[in-house]
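Heads up: the structure comes next, in structure tokens.
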2 protein chains.
Amino acid sequence: MKKHNFYAGPSILPEFTKEKTAEAAVNFAGTGLSVMEVSHRSKEFVAVMDEAQALVKELLHVPDGYSVLFLQGGASTQFLMVPYNLMNKKAAYLNTGSWASKAIKEAKLFGEVVEVASSKDANFNYIPKGYEVPADAEYFHYTTNNTIYGTEILKEPEVAMPLVADMSSDIFSRPLDVSKYAVIYAGAQKNLGPSGATLVIVKDDALGKVERTIPTMLDYKIHADKGSMFNTPSTLAVFGCLQTLIWLKDQGGVEAIEKVNIEKASILYDELDRNKLFVPTVADPEDRSRMNVTFVMAPEYGEVEKEFLEFATARGMIGIKGHRSVGGFRASIYNAMPTDSVKALVETMQEFEKIR
Amino acid sequence: MKKHNFYAGPSILPEFTKEKTAEAAVNFAGTGLSVMEVSHRSKEFVAVMDEAQALVKELLHVPDGYSVLFLQGGASTQFLMVPYNLMNKKAAYLNTGSWASKAIKEAKLFGEVVEVASSKDANFNYIPKGYEVPADAEYFHYTTNNTIYGTEILKEPEVAMPLVADMSSDIFSRPLDVSKYAVIYAGAQKNLGPSGATLVIVKDDALGKVERTIPTMLDYKIHADKGSMFNTPSTLAVFGCLQTLIWLKDQGGVEAIEKVNIEKASILYDELDRNKLFVPTVADPEDRSRMNVTFVMAPEYGEVEKEFLEFATARGMIGIKGHRSVGGFRASIYNAMPTDSVKALVETMQEFEKIR
């Protein structure tokens, strides 16, 4: 039976990425050695790092004056590195969920954090709007996509200061205007590659402005100056990321994949709005995530939740159980998810509707 | 032509590790999915993490009261985490090379660092002895093996306070007495697995004694309490580490591999002491590393250094160029290096001797 991988992360990757990584695990770049056992300073691996950085710049149209880094430690380490490197006195944060809350917690170790708005009052099932951002905030931090709650901010907030964004779960799903950002960061394990690589795009002239001493490994400038080779990078993971970037370019880049993502999300949300058994957890279509579609049983069908999970699992749907803090279901439909898998889920929902 | 992989790191891994990782990159634990695309909280990956931690405990005879962590960021991040978590006022460090120096630099951000001895006066080509350690130092930090300079400390220093050791390049090469340590850490990319995983063995009751606030991702206790699953671990890299641990157990564990390592190192050092063309950079046999054998041309043969490199490379010897700060050659002969490859290098040196 075909499996449809709806895991929220680590999550579905292109067949191309998996096959190329498997090949390089035993024979990398024709060396006869594994990518895991050659020096990160070998010409073969340096070429991997260079190409990965160049493709990030090409696909996201990164302007001059930015450095592309492949670090370690996930977005959770960026929650700390961002204020360590950028905050002198005050920063503004938008609270749209669990990850944003964790970013806020770490930033408070470094200065005054203004939480400009929060949707915690409704379990983060909407994106706050109409908030004011203090003019003296040094940057405005937000989370573009909220994996747990199924919300997404597709358009850059219009604020006077540089943006900083955690794009872990929707980077490369659509074009973006990098010039508005001081820092963009993303754990690799959704739209990019294996967990263990963390992509950071940093504006060079946003650095060097804080007075505190930054520990070496937390200093963006150190990593930027050394081209992400200050210490041994996560070589196998970076290799995997490169394969996905090559695949994405071959799909037509972020402009082309956005069209597919819009279509996939529409197919699923249309069904949720139609099918009487299910209710999407995010009511406002404008706030709905294209990456993580969260839904629960309609109140009158609450007792068949477990039954639907078993029904769908038996049909090859993997990883659709919702996060414990929201309940219900979550279908994560990242770049690599084929439209046919989304259709298969919709058909499963329709079949289940018939037998209830 | 067979290649003999003498890279210093990332470096040679067992065929078993490479083949199993390649297989799991496309089909992990019979799921039909890649290990890169299943949730780290799936039962299949949780089993990987649990088994890896259990095997570390078994192979190194880790006593009760210690936590085994698989983190990210390499040993370089541990240079920072160790003092963040353990140093209140004062710590003692032994300076045996570049990595020890970097550890000292980071520790100075947190308190008084006493460098008890250094071999910098002779480009770190020996291990300092007979130093005094201040009784009020909270821990004593040292680097067990110095990859660049080819020195190794095989016996735990006899000091009154807990030890902390960077064992990146010789962990699992021999038995050790874990009970003497507050923290042992190691980047995976020598004797363990792919870069991107960092092994930390931490004594639970050494934690919680500093007064400073520790950022979440730098706090050992957070990671220990969550079984290395506080944030998404480097799943593919941890999978690779597990394979090497399984392989090592199958070899007879660290007790058996130590015998092989002693034999391999002897074969090479014996040739260096005999062959008139070469001189080992570490004179005292007691200080010589079993993992990284560093040597230069004898002064009267200095002009043929480049020629030997080409001669050896043409015979399949990969990665034997010495680090730029030492020059000459370095043969890294970690656990996974077959004795036959060491013999092949020795034969190459003998052949070269004949034609000079």
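The values are calculated or read from the model by the stated rules, or taken from the named source; none is laboratory data. Computed from a predicted structure; not experimentally measured. Glycine gets a Cβ as well: all are built from the backbone with ideal geometry, and neighbour counts include every protein chain shown. Areas reflect the complete protein model, heavy atoms only, side chains present, ligands, DNA and RNA absent. Shrake-Rupley method; radii C 1.70, N 1.55, O 1.52, S 1.80 Å.
For the reader, a short list of remarks on this structure follows.
- Listed residue pairs exceeding 20 Å between alpha carbons, taken from A:129/A:190; A:20/A:321; B:57/B:264; A:226/B:105; A:2/A:321; B:321/B:343: A:129/A:190; A:20/A:321; B:57/B:264
- Oblate is the label for the range A:11-68, because the ratio a/c of its alpha-carbon gyration tensor axes (a ≥ b ≥ c) is 1.5 or higher and a/b is not greater than b/c.
- Applying 1/(1 + (r/R0)^6) with R0 = 30 Å to the Cβ-Cβ distance of residue B:213 and residue B:158 gives a FRET efficiency near 0.30.
- Near-label residues of the range B:305-331 by backbone N, under 16 Å of a point 7 Å along Cα→Cβ of residue A:47: none
- Measuring spread by the Cα atoms of the range B:246-356 yields a radius of gyration and Dmax of 14.3, 47 Å.
- Highest average packing first - A:270-276, A:99-105, Cβ atoms within 10 Å: A:99-105, A:270-276
- Per residue, chain B exposes 37 Å² of accessible surface when a 1.4 Å probe is rolled over the protein heavy atoms with every protein chain present.
- The alpha-carbon atoms of the protein assembly as shown, seen along their principal axes, cover 84, 53, 51 angstrom, with the largest extent given first.
- Shielding by other protein chains, A:339-346, mean Cβ within 10 Å: 0
- Solvent-accessible area assigned to carbon and sulfur over the protein assembly as shown amounts to 51 percent, based on a 1.4 Å probe.
- Using a 7 Å projection from Cα along Cα-to-Cβ, the label point at residue A:302 is separated from the same position in the remaining copies by 8.5 nm, smallest value first.
- Model label points for residue A:222 and residue B:324, set 7 angstrom from Cα along the Cα-to-Cβ axis, are 1.9 nm apart.
- Residues in the range A:6-50 reached by a label modelled at residue B:19 [backbone nitrogen below 15 Å; 7 Å Cα→Cβ]: A:25-27, A:34
- Cα gyration tensor category, rounded, prolate or oblate, for the range B:86-245 with a/c compared to 1.5: oblate
- Rounded if a/c under 1.5, otherwise prolate or oblate - chain A, Cα gyration tensor axes: oblate
- Average other protein chain Cβ within 10 Å of Cβ, residues B:11-20: 4
- Chain A against chain B buries an accessible area of about 4200 Å², both chains summed, 1.4 Å probe radius.
- The listed peptides B:332-338, B:191-197, ordered by packing as a protection proxy, come out as B:191-197, B:332-338 (highest mean of other Cβ atoms within 10 Å first).
- In this rough spin-label picture, where each label sits 7 Å from Cα along the Cβ direction, the residue B:121-residue A:135 distance is 6.3 nm.
- Helix-only arithmetic for chain B: the sum of -39500 (n - 2.57) across DSSP H runs with n ≥ 4, divided by the residue total, places the mean residue ellipticity at 222 nm at -11000 deg cm²/dmol.
- Between residue B:109 and residue B:177, the contour length at 0.36 nm per residue exceeds the alpha carbon distance by 21.5 nm.
- For the range B:181-207 and the range A:88-161, distance of Cα centres in Å: 35 Å
- Dipole magnitude for the range B:10-70: about 120 debye, using +1 per Lys or Arg Cβ and -1 per Asp or Glu Cβ, origin at the Cα centre.
- Extent of the range B:1-136 along its three principal axes (Cα atoms, max minus min coordinate, largest first): 57, 45, 28 Å.
- Once C-alpha pairs closer than 8 Å and six or more residues apart are averaged by separation and normalised to the residue number of the range B:15-250, the relative contact order reads 27 percent.
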